[in-house]
Each structure stands twice: as C-alpha cells, then as structure tokens.
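First comes the structure, then the notes that go with it.
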Amino acid sequence: MSDDRTPVTGPFRISVGAIPSGVALDMTHYLSTLILALAEAASEDGQSLLDELVSIADLDRSARHQGSDSHATHERDEAVQDLLDELVNGGTVPVYGGQVLRLAEALRRAVAPRPVPSQREAGAA
C-alpha cells in the first residue's frame, strides 16, 4: 500500500510534496529508468547515441535562436520524441486503478490552504 506522500507505487513511483506555490512531483523513479535506458543504449552503440544527442543539442541551439515556431524547434521536438519512444515508451508515465484517485487526493491535500499560526501559537511572548 502507498503512503500519503507516495500515492503512486507502480509501475513508476510518484511522490507528491507541497511547495509554497503549489506541488512538487517526485518523478525520480521514472527518470532513473530513463537514465538506465540511455546507459544501456550507450553500451550497445555509444557513438550512434552520442551523435543523436549532439544533433538534438544543435537543433536546440538553433531553436532557441530561431524561435518557438521554427523548423528547428519542430525538428528538435520530433528528434526528442523519437528518442523517448525508443527508450521509455514515449515518455508517458502510466498511473493505474486506485492509484489515480490516490494521486488526485494527494494533490488536493498538498494544495489545500493551511492556517497560518498566530505569533502566540508560534511561541512568541
């Protein structure tokens, strides 16, 4: 069973934490899977993976220079998506069954207004 902070336990764990302006989703488990997939791809054909990553970096530099609706931006986004498709099922993180409801409830709890303690309650004189 999941705890309050980690409402999604699989296939990828997702934890929820409150921050002053909203929530922070801890996707470390999924990102670890991505890095391990990159490492495996590098061990199989490191030069090809490196060439692909360098090409994406070049496209990103061009996209930043040319703007968000440029050919380079669309080409970069397509190259990134192709790599995600190859490595980690397109980059989607599935959430199944009751975990969907637990995630929604954890998000609601994390953004619920909290009372601000008065100075006396906070230990002031």
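Only residues that are surrounded by 11 or more Cβ atoms within 10 Å (Cβ to Cβ), at pLDDT below 95 and over 26 Å from A37 (Cα atoms): list them for the stretch 82-125, please. Across the stretch 82-125, the qualifying residues are R109, A110, V111.
Based on this model, can you work out whether L50 counts as touching a residue at least 40 places away in the same chain (Cβ under 8 Å) and over 30 Å from P113 (Cα atoms)? Taking the combined requirement at face value, the residue does not satisfy it. Every listed requirement among (1) farther than 29 Å from P7 by Cα; (2) without any contact (Cβ under 8 Å) to a residue 40 or more places away in the chain is met by A41 save one, (2).
Evaluation of E40 against the conditions (1) closer than 20 Å to P11 by Cα; (2) in the same structural domain as V23 (by TED's automatic domain parsing) shows that the sole unmet condition is (2). The listed residues are G98, G90, and the only one of them that is within 22 Å of V8 (Cα to Cα), of a type outside the set (V, I, T) and more than 19 Å from the chain's Cα centre (by Cα) turns out to be G98.
The values are calculated or read from the model by the stated rules, or taken from the named source; none is laboratory data. Predicted, not measured: the structure shown is a model, and the values here were computed from it. Reconstructed Cβ throughout: ideal geometry from the backbone, glycine too, with neighbour counts over all protein chains shown.
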